Amino acid sequence: MDAFRHILTAAVLAIIFRWLWKSSAIEQSKLEAGRQLFPPTRAMRILTLICGVVFTTLFVWSRLALRQPAEWWVSYLFLGFLALVLLAYPPVLSIEVDGIGSRSWFGREKKIRWEDVASLHFNSGNRQFTVRANDGRQITHAGFNADPGLFQVEVHGRTRLPLKITRPGTWKSETFEIPYEEFEAAEEVSRDLS
């Protein structure tokens, strides 16, 4: 019976992560004055809200109901899970006239100007697209933000840098580089317009 519960839990988690992953490809980015926004998807916002409410409720319940000295740590465990949920929420990404921006919901902002972009990386295993600056800063579209394909095409087209693709393997990963080619970008734009 215990094995069945573990398999059921793994299946439910797989379904939830699949739902989150699919929603990022479906949801569209938002165009504002002078910038293109890539917010977290609706599915990610719903999941964060549900987990936040559940862990807050469990924290309050455990503080009120468990008064035994041997179980003092249980409420702090739920508080730690609540903090993890809040920290796991992805930032709002933006493509602006002068560069790429990232704003977390705690108010922390990162900005990489176009001339400071040093390299572009794509991991085909977890489908993360990372933009790295000359000074080591990086902004990552991790798949839980809207419209990952448009983000990658826009950044690749504006920087005109080669794209380093990493394919994870069983024992070691393989990285290869695809150079930027002008005519491929022109074909994509003409396909989008028609």
**OP:** With the checklist (1) of a type outside the set (F, W, Y); (2) open to solvent by less than 70 Å² (accessible area, probe 1.4 Å); (3) at positive phi in hand, flag the one item V85 doesn't pass.
**Re:** (3)
Original post:
So, in the stretch 9-29, of the ones that are open to solvent by less than 90 Å² (accessible area, probe 1.4 Å) and at pLDDT 80 or above, which residue ends up nearest to R42 (Cα to Cα)?
Top reply: S29
**OP:** Inspect all residues belonging to the stretch 86-102 and state whether any of them is among the acidic types (D, E) and not in a strand (DSSP E or B).
**Re:** yes
**OP:** Could you please tell me which pairs satisfy a Cβ distance under 8 Å, a separation of 6+ or placement on different chains, a first residue in the stretch 137-151 that is more than 14 Å from H121 (Cα to Cα) and aromatic (F, W, Y), and a second residue that is outside any helix (DSSP H, G or I) and at pLDDT 85 or above?
**Re:** F144/P40; F144/T41; F144/P90
**OP:** Select from the stretch 30-77 the residues that are among the aromatic types (F, W, Y) and closer than 18 Å to W105 by Cβ and write down the one among them that is surrounded by the fewest Cβ atoms within 10 Å (Cβ to Cβ).
**Re:** F55
Subject >> Given (1) free of Cβ contacts under 8 Å to residues at least 24 places away in the same chain; (2) open to solvent by 10 Å² or more (accessible area, probe 1.4 Å), index of the condition K110 fails >> reply: (1)
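The values are calculated or read from the model by the stated rules, or taken from the named source; none is laboratory data. Just so it is clear, the structure is predicted and the values come from calculations on it, not from any experiment. All Cβ positions, glycine included, derive from the backbone under ideal geometry; neighbour counts span all protein chains shown. Note: accessible area is taken over every heavy atom of the protein model, side chains too, but ligands, DNA and RNA are not part of it. Shrake-Rupley method; radii C 1.70, N 1.55, O 1.52, S 1.80 Å.
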